[in-house]
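In what follows, a single structure is set out as structure tokens and then discussed.
Throughout, read-outs are computed from the coordinates displayed, never taken from laboratory work. Please read all numbers here as calculations on a predicted model, not as lab measurements. Counting neighbours? That spans all protein chains shown, and the Cβs are built from the backbone with ideal geometry, glycine included.
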């Protein structure tokens, strides 16, 4: 696991798979460990960080390619993709 964030009894985690150069994101139930959503596949390269929105309905992922994606935390749907031109301050 590379990065994780928690909200409302759920934990989002990014799993590094260097051989595939993609970091699927899993949303797990904190108590049971069961996967609730995912794997959410992204083309960001390795996902270094994930964070929940204050309401817990969105997940932001920060990638090795210096991009950010915004996901629906309940469905895994990409809502805003590959926000770029952010420099080295993404992770």
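Spin-label model, residue 34/residue 72: points 7 Å from Cα along the beta carbon direction are separated by 2.1 nm.
Taking 0.36 nm per residue of sequence separation and removing the Cα-Cα distance, the residue 43/residue 55 pair yields an extension gain of 1.8 nm.
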